[in-house]
Amino acid sequence: MVLAKRIIVIGSANMDLVCRAPRIPRPGQTILGESLMTIPGGKGANQAVAAAKLAGPDIDVYLIARIGDDDFGQRLFNGLAHHGVRTEHVTITECASSGCAMILVDRKGENSIVVAPGANAKLTPADIDRAESLIAGAAAVVLQLEVPLETVRHAIELARRHGVFTLLDPAPVPAHGLPRDLFHVDMLIPNQGEAELLIGRRRTHRVRHKKLFDPKLVAGDLLGLGAATVVLKLGSKGAVMVRRDGQIERFRPFRVTVTDTTAAGDAFSGALAVAHAEGKTPSQAVTFAIAAGAACCTQFGAQPALPTRQAVERLLGRQ
């Protein structure tokens, strides 16, 4: 019997309260929305579901997370199981609410998000240690920053100790910047806005941060902070990958009709992990991830919009 490969996602699980509106309101302004839905989300859960929907039967996807002892928590748990995510390390936290994200989506598909962490803030290094044997045999560990930084740091250190490939989606970027040791991952995958914050936080007050910058130079700056590879997500402009061996590669986008961009970055992250577990080259993995992110944008919501393998393969076939 051949053991299944493992992808471990460590991160948040939220209930998304999604309101569609004609536009994002200005500060102090009240506008009428068009609809309100509650949809399972959270960057960790989204990335785990994305990976599970894209992976073949020879890959198991696990989520290490905390949810609240409430109705939202039960829905989140059931949703993960429904999509094939292994939930043995999803802990129900007593006397805590589940994380919630308030999401506004305008008619162009752009969004604005505020997250209340709830039980996500209670994910601890001890939760990671309880899954050490699982992590030690993983093909990849995927992390984000919607759980405590000390927990992310501990997970990176544990994975590195066992020689496990690590991917970090540095979102949301902390108010005081990202500690240097958290850059020490195999693949750092920020979007353009996150990259601006990460670079800007380390510049002096005497240097003006330019609005326009060269993505290759920015990715190179981030590489210098400790990551082995940086993949800079550029939305409708594709992506740039810079590797420690000096290789720089630009990737074209896939053209689709955008309905909602909410979980496109999570689809990208989950797809990268699946591609790595399948043994694809870094270039093939990024192309696969761009297709997954694009396919996600054609549907509304977070987890419901995450694409199937067939949807991604169709886009890849159009190249």
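Bear in mind these aren't lab numbers, they're just calculated from the coordinates by the rules spelled out. For clarity, every value in this text was computed on a predicted model and none was experimentally measured. Cβ coordinates were reconstructed from backbone atoms using ideal geometry, including for glycine residues, and neighbour counts include every protein chain displayed.
Across the options ALA136, PHE165, PHE72, the greatest Cα extent toward the positive end of the charge dipole of the chain (unit charges at beta carbon of Lys, Arg, Asp, Glu) belongs to PHE165. In terms of other Cβ atoms within 10 Å, CYS19, CYS296, CYS95 run from fewest to most in the order CYS95, CYS19, CYS296. Sorted from longest to shortest, the spans of the Cα atoms of the chain along the three principal axes equal 57, 48, 45 Å. Rounded, prolate or oblate: which one fits the stretch 1-88, using the alpha carbon gyration tensor with axes a ≥ b ≥ c (rounded when a/c is under 1.5, else prolate when a/b beats b/c, else oblate)? Cα axes put the stretch 1-88 in the prolate bin. Just checking the listed ones, ILE64, ILE290, ILE248: in the Gaussian network model of the chain with Cα springs under 10 Å, the one fluctuating most is ILE248.
If we count every other residue with Cβ under 12 angstrom of MET37's Cβ, Lys/Arg +1 and Asp/Glu -1, where does the sum land? Here the charged neighbours net out to -2.
Could you give the length gained by full extension between SER283 and GLN299, i.e. 0.36 nm per residue of separation minus their alpha carbon distance, to one decimal place? Net length gain for the segment: 3.2 nm. Here the stretch 89-114 is scanned for amide nitrogen atoms under 17 Å from the site 7 Å beyond the Cα of LEU32 along Cα-to-Cβ, giving 107. I want the local charge near GLN74. Using Cβ-Cβ distances under 15 Å, sum +1 for each Lys or Arg and -1 for each Asp or Glu among the other residues. After counting each charged neighbour, the total is -2. Listed by number, the DSSP H helices of the chain that run 15 Å or longer by alpha-carbon position along their axis and have mean Kyte hydropathy of at least -1.0 are 43-54, 71-82, 149-161, 264-277, 282-296.
Computed about the Cα centre, the dipole magnitude for the chain is approximately 1360 debye when only Lys and Arg (+1) and Asp and Glu (-1) carry charge, each at its Cβ.
For the peptides 140-146, 223-229, 110-116, the ranking by packing is 140-146, 223-229, 110-116, with the highest mean count of neighbouring Cβ atoms within 10 Å listed first. Listed from fewest to most Cβ neighbours within 10 Å, the set GLU157, GLU34 follows the order GLU34, GLU157. Overall form of the stretch 47-189: rounded. Here a/c, set by the Cα gyration tensor axes a ≥ b ≥ c, is under 1.5.
Between ARG255 and ALA4, the distance separating the two model label sites (each 7 Å from Cα on the Cα→Cβ line) works out to 3.9 nm.
With a simple spin-label model that places each label point 7 Å from the Cα along the Cα-to-Cβ direction, the separation between ILE24 and VAL114 comes to 1.3 nm.
Projecting the Cα atoms of PRO125, ALA4, LEU315 onto the charge dipole of the chain (Cβ charges, centred on the Cα centre) puts LEU315 farthest toward the positive pole. ALA119 sits among other residues whose Cβ lies under 14 Å from its own Cβ, and their net charge, with Lys and Arg +1 and Asp and Glu -1, is -3. In this rough spin-label picture, where each label sits 7 Å from Cα along the Cβ direction, the ALA81-ARG130 distance is 1.7 nm. From least to most packed, judged by other beta carbons within 10 angstrom and beginning with the fewest, MET187, MET241, MET15, MET37 follow the order MET37, MET241, MET187, MET15.
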